[in-house]
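What follows is a single structure, written as structure tokens, with notes after it.
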Amino acid sequence: KTGDSIDYYSRIVAIADVFDALVSKRSYKDSWNPEQAYEEIVVQSGRQFDPELVEVFKICYPKFLEILDKYKDE
């Protein structure tokens, strides 16, 4: 599926999931800093992510940082 054929909620979750994956340490990669993850999502607007939802992400980014701080990887 592509574009509008992808469920709206799935497009929202895609942005949150990629942000989380990028800023989280995995056994196969180090974590990115939040600013790098933010920039990657913005760069992928219109490619990998719905541009309208990337604009919402940009507005909500401070909340993403709050959540990230609250649930830090240990």
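The values are calculated or read from the model by the stated rules, or taken from the named source; none is laboratory data. Just so it is clear, the model here is predicted, and its values are computed rather than measured. Cβ placement follows ideal geometry from the backbone for every residue including glycine, while neighbour counts extend to all protein chains displayed. Just so you know, the surface numbers come from the protein's heavy atoms only, side chains and all, with ligands and any DNA or RNA stripped out. Shrake-Rupley method; radii C 1.70, N 1.55, O 1.52, S 1.80 Å.
Listed cross-link partners K25/K70; K25/K58; K29/K58 are compared with a 20 Å cut-off, the Cα-Cα value being larger for K25/K58; K29/K58. What the chain shows is 75 Å² of accessible area per residue, with the surface traced by a 1.4 Å probe over protein heavy atoms. Residues E52, E40, E66, ordered by accessible area of protein heavy atoms at a 1.4 angstrom probe radius and largest first, appear as E52, E66, E40. Applying 1/(1 + (r/R0)^6) with R0 = 22 Å to the Cβ-Cβ distance of S27 and L68 gives a FRET efficiency near 0.65.
For the range 18-73, taking Cα atoms only, Rg and Dmax work out to 11.5, 33 Å respectively. Given the DSSP H assignment, sum -39500 (n - 2.57) over each helix run of at least 4 residues in the chain and divide by its residue total; what's the result at 222 nm in deg cm²/dmol, nearest 500? Value at 222 nm, helices only, nearest 500: -20500 deg cm²/dmol. In terms of its Cα atoms, the range 1-44 spans 33, 21, 13 Å along the principal axes, sorted from long to short. Relative to the longest principal axis of the Cα atoms of the chain, the long axis of helix 8-23 lies at roughly 30 degrees. Accessible surface of the chain, 1.4 Å probe: 54 percent of it comes from carbon and sulfur atoms.
Over the chain, what relative contact order in percent results from Cα pairs under 8 Å that are six or more residues apart?
Numbers: 36 pairs, mean separation 21.8, N = 74.
Dividing the mean separation by the residue count of the chain yields 29 percent.
Which parts of the range 50-64 would a label at V42 reach, counting a residue when its backbone N lies under 14 Å from a point 7 Å out along Cα-to-Cβ? Residues passing the 14 Å test: 54-62.
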